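Below is one structure, written out as C-alpha cells, with a few remarks after it.
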Amino acid sequence: MCGIVGYIGKRDAYPILIEGLSALEYRGYDSAGIALVHGKGFSIFKDKGKVDHLKEITKKISAGGCGTGIAHTRWATHGAPSQMNAHPHLDQSSKIAVVHNGIIENFSLLKQKMIKDGVKFCSETDSEVLAQLIGKYYNGDLASAVRRALQDIEGTFGIAVVAADNPGVLIGARRGSPLVVGVGEDELFLASDASAIVRHTKKVIYLKDNNMIELMQGTFNTTTIDNKKVNPEIQNIDWDADSLAKGGFNHFMLKEIFEQPETIQNAIRGRLLVDEGAARLDGLNLVLQELRSIQRLIFVACGTSWHAALVGKYMIEDMAGIPVEVEYASEFRYRNPIIGPNTLVFVISQSGETADTLAALREAAHKGATVLGICNVVGSSIARETHGGVYLHAGPEIGVASTKAFTSQLTVLSLLTLLLGRMRRISHSDGVTVARALEAIPKQVQKILKQNNHIEEIAKTYAKHNNFLYLGRSYNFPVALEGALKLKEISYVHAEGYPAAEMKHGPIALIDKDMPSVVLAIKDSIYDKVISNIQEVNARGGSVIAIANEGDKEIEKYVKHVVYIPKTIPMLSPLLSVIPLQLLAYHIAAIRGCEIDQPRNLAKSVTVE
Ligand code: F6R
C-alpha cells in the first residue's frame with residue numbers, strides 16, 4: 001500500500017515523478033503529493049484525491065531546474081485522507097521531506113515525547129514522526145540523520161528522503177515495505193515497484209530488508225541501516241512498459257481477464273511434460289528424494305490467493321494423496337502453528353509483498369520448515385525470502401481485483417499436483433490425461449471469453465440487485481468464494497460464496513426473488529446433487545444463473561440463465577468456471593458506474609497488517 005517514487009538526475013524530476021505515481025496508483029489513491037528540491041527549499045504540492053487531481057493542481061508549475069524530488073500516492077492507515085495527511089511530510093523547520101510506506105508502530109510514544117520537547121506536528125500520520133526525527137538529527141549529512149532516526153523507529157517502512165539544502169542526494173531505506181532502485185544513464189530512480197520506472201530503465205536493484213541506499217548524481221552507495229557495506233546485484237526487468245498500458249480495454253481488469261489464455265500458457269511453458277504425463281518445477285530447489293518424503297503440505301495466503309490455495313488442496317489431496325492444510329496468513333502468523341517433520345510450507349502471493357503472508361513465511365522458517373513461494377512479482381520480498389518457488393510469469397497485474405494471477409496460481413498448483421502425484425498415485429496414462437487437459441486450457445479460456453457479450457447481457461438483468469449467493473461444490477466451492485469476492489470488491493454489492501449443500505443450513509433463509517444465485521453446475525460426480533440444490537433455490541422463488549458444461553441442455557429446464565464452458569477434467573474445471581464469474585463481476589460493476597480498477601478502500605498490495 002502507498003506508492004513511492006524518487007528521482008535524481010539531469011532531467012526535470014516533475015514529469016518523471018508524476019508519471020511514476022500514475023503507474024503506482026493501484027497501491028493507494030486517497031491522496032497524492034510531490035516535493036521538488038531546488039537547493040534553497042522545497043516546492044511541495046499535495047492534496048486529497050488521485051494523481052490526476054495532483055496533475056491538475058500542479059500543471060502551472062514551472063518544473064524546469066529541479067532534478068531531484070520525491071512523490072507519493074497514499075492508502076490511509078493513520079489519519080483520514082486529507083491534504084494535511086498527504087505525503088510528503090516535512091519536519092518543523094522544513095529542512096527535510098519524507099515519503100513513507102508502512103506503519104511506524106511506536107509513533108504515538110515518539111510523537112508525545114517530541115511534543116513535550118516543543119516540536120509542532122501538523123498531521124495525524126505516523127509518517128510525520130519520521131520527518132521530525134530526521135529533521136532533529138540533520139546537520140548537513142542526510143544519510144547519517146536517516147540512519148540515526150531509523151534506530152528510534154519500530155515497525156515497517158519503505159522511505160524516500162530529501163533535504164532542502166542539498167539537491168545532490170536522495171536516500172531510500174526499507175524494512176518490510178518494498179523499494180526498487182532504477183539505474184539509468186547518469187540518473188537514478190527509486191520506487192515501490194518497477195512499474196513506476198520501467199519506461200526509463202530496465203536495470204534495477206531490489207533493495208533488501210534493513211538496507212539503505214544513498215543516491216547521488218550518477219552514483220550510489222548501499223549499506224545496511226546500521227552502516228555495513230552491501231554490494232547490491234543489478235538485475236534486468238524482463239517485461240516492458242507496453243504491458244502497463246490498457247491496450248484498448250476500458251479497464252486494466254478487463255484487459256487482464258482477456259490476457260488469461262496467454263498468461264496461463266506462460267505459467268505452463270517449459271514446465272509441462274506432456275508425453276511423460278509429468279511436470280518439472282526446478283525453482284523449488286528440491287531433489288527427488290525430498291519431494292518423495294513430503295507427508296504434509298501447508299498453503300498460506302490471503303484473499304484471492306487463499307482461494308487458489310483451497311483449489312490446490314482439493315487437487316493435491318485428490319490426485320497426489322498428500323494431506324494439505326490451507327491457512328489464512330493473518331491467523332497462521334499469530335497462532336503458534338504446528339509444523340512437523342516432512343512438512344512443506346507454500347506461501348502463495350501475487351504481489352509477494354503482503355505483510356501477513358510475509359510474516360507467516362518468517363514464522364514457518366523460524367520453526368525450521370522449508371518454505372516455498374508461488375509468486376508473480378519477480379524480486380519481491382516473498383520471492384527473495386523463500387527457499388525456492390515458482391513464478392507465475394503473468395506480467396504486472398494492475399487491476400486491484402486479482403484475475404490473471406488467480407488462474408496462473410491454479411495453473412502452477414496443477415503442475416505441482418502432477419509433479420507430486422506422479423511420484424505417488426498418478427499413473428503414466430492418467431498423468432498424460434491431466435497434462436493434455438492442461439495444455440488445452442488456454443484455448444478453452446479463449447472460447448469462454450467470446451461469450452463476453454452474453455455475460456454482459458446477464459449482468460444487465462441483475463446489476464440492480466444488492467445481494468447475491470454463489471454456490472459450488474468440490475473443486476468449484478473455492479470458485480464460488482472467488483466469484484463472490486470479485487463481485488463485492490468491485491461493485492460493492494453484497495455477495496456470499498457457499499458450498500452448495502451448506503445453503504440449507506442457514507443462507508437458504510435469505511433466498512427470495514431479489515436474491516439471485518450463481519451456481520457452478522459442472523458435470524462431475526456430484527452434478528446431480530448440485531441440480532437438487534438449484535431446485536431448492538427455485539422452490540423459494542430465487543433465480544439461478546448457472547455455469548454449466550457445453551452440451552448440458554438439461555440444465556436450461558431449471559435455471560434462468562446459463563453460461564456454457566468447455567469440458568475438462570474436474571481438477572482443472574476452476575480454471576474455466578472462474579472466467580464467467582470474473583466477467584459477470586466486471587460488467588455489474590461497470591453498469592453500476594463503479595471505479596473498477598481502483599475500488600474504494602482497497603489497495604493492490606497489502607503491506608500493512
Ligand atoms: C482480491 C485480491 C486480494 C489479494 C490479497 C492477497 O481480488 O486481489 O484478495 O488476493 O490481498 O494479495 P497477494 O496475492 O498479493 O498476496
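The values are calculated or read from the model by the stated rules, or taken from the named source; none is laboratory data. None of these values were measured; they are calculated from a predicted model. All Cβ positions, glycine included, derive from the backbone under ideal geometry; neighbour counts span all protein chains shown. Accessible surface is based on the protein model in full, side chains and every heavy atom, while ligands, DNA and RNA are left aside. Shrake-Rupley method; radii C 1.70, N 1.55, O 1.52, S 1.80 Å.
Brief remarks on what is shown
- Per the Kirkwood formula applied to alpha carbons, segment 245-448 shows a radius of gyration over Rh ratio, Rg over Rh, of 0.96.
- Extending 7 Å from Cα along the Cβ direction at Tyr492 and again at Asp430 yields two label points whose distance is 4.9 nm.
- The calculated FRET efficiency for Asp240 paired with Arg269, based on their beta-carbon distance and R0 = 25 Å, is about 0.85.
- Compared with the dominant principal axis of the Cα atoms in the chain, helix 303-320 is inclined by about 40°.
- Cα gyration tensor, segment 3-240 - rounded (a/c under 1.5), prolate or oblate: rounded
- Using a probe of 1.4 angstrom and keeping all protein chains present, the accessible surface of segment 109-152 works out to 48 square angstrom per residue.
- Here segment 203-349 yields Rg over Rh of 1.04, to two decimals, using C-alpha coordinates and the Kirkwood radius.
- Carbon/sulfur fraction of accessible area - segment 119-222, other protein chains in place, 1.4 Å, %: 44
- Using the Cβ-Cβ distance between Asn231 and His387 with R0 set to 30 Å, the FRET efficiency works out to roughly 0.85.
- Placing unit charges on the Cβ atoms only, positive for Lys and Arg and negative for Asp and Glu, gives segment 99-214 a dipole magnitude near 160 debye about its Cα centre.
- Secondary-structure-derived ellipticity at 222 nm for the chain, considering helices only, amounts to -10500 deg cm²/dmol, per-run term -39500 (n - 2.57) for DSSP H runs with n ≥ 4.
- Taking a ≥ b ≥ c as the square roots of the Cα gyration tensor eigenvalues, segment 82-165 comes out rounded, since a/c falls below 1.5.
- Cα long-axis angle, helix 355-366 against the chain (0 to 90 degrees, to the nearest 10): 80
- Across the chain, the convex hull enclosing all Cα atoms gives 153 Å³ per residue.
- For the chain, the longest principal axis of the alpha carbon atoms and the long axis of helix 527-539 meet at an angle near 80°.
- Cα shape, segment 144-216, gyration tensor, a/c 1.5 rule: oblate
- 20 Å cut-off, amide nitrogen to a point 7 angstrom out along Arg600 Cα→Cβ, residues in segment 26-57: 26-32, 48-53
- Of the two radii for segment 307-374, the radius of gyration is 0.94 times the Kirkwood radius, both from the alpha carbons; that is the Rg over Rh value.
- In Hz, Karplus ³J(HN,Hα) per residue of segment 230-240 (6.51, -1.76, 1.60; θ = phi - 60°; x = Gly, Pro): 10, 9, x, 8, 8, 10, 9, 6, 9, 10, 10
- Rounded to the nearest 5, the antiparallel percentage of DSSP beta bridges internal to the chain is 60%.
- Distance violations [Cα-Cα > 32 Å] among Lys447/Lys557; Lys48/Lys488; Lys443/Lys486; Lys59/Lys246; Lys208/Lys450: Lys208/Lys450
- Listed values for segment 122-138 are Karplus-derived 3J(HN,Hα) couplings in whole Hz (6.51 cos²θ - 1.76 cosθ + 1.60, θ = phi - 60°), namely 10, 9, 9, 7, 6, 5, 4, 4, 5, 4, 5, 5, 4, x, 4, 8, 7, and x replaces Gly and Pro.
- The length gained by stretching the chain between Thr219 and Asp52 to full extension, at 0.36 nm per residue less their Cα-Cα distance, is 56.9 nm.
- Under the simplified labelling scheme, the Asp514-Ile61 pair shows an inter-label distance of 4.9 nm, with each label point 7 Å from Cα along Cα→Cβ.
- Point-to-point label distance, Glu185-His366, nm (Cα→Cβ direction, 7 Å offset): 4.8
- Computed E for Glu502/Ser82 - FRET, C-beta separation, R0 45 angstrom, nearest 0.05: 0.55
- For Ile298, distant residues with modelled amide H under 5 Å away: Glu325, Leu344, Val345, Phe346
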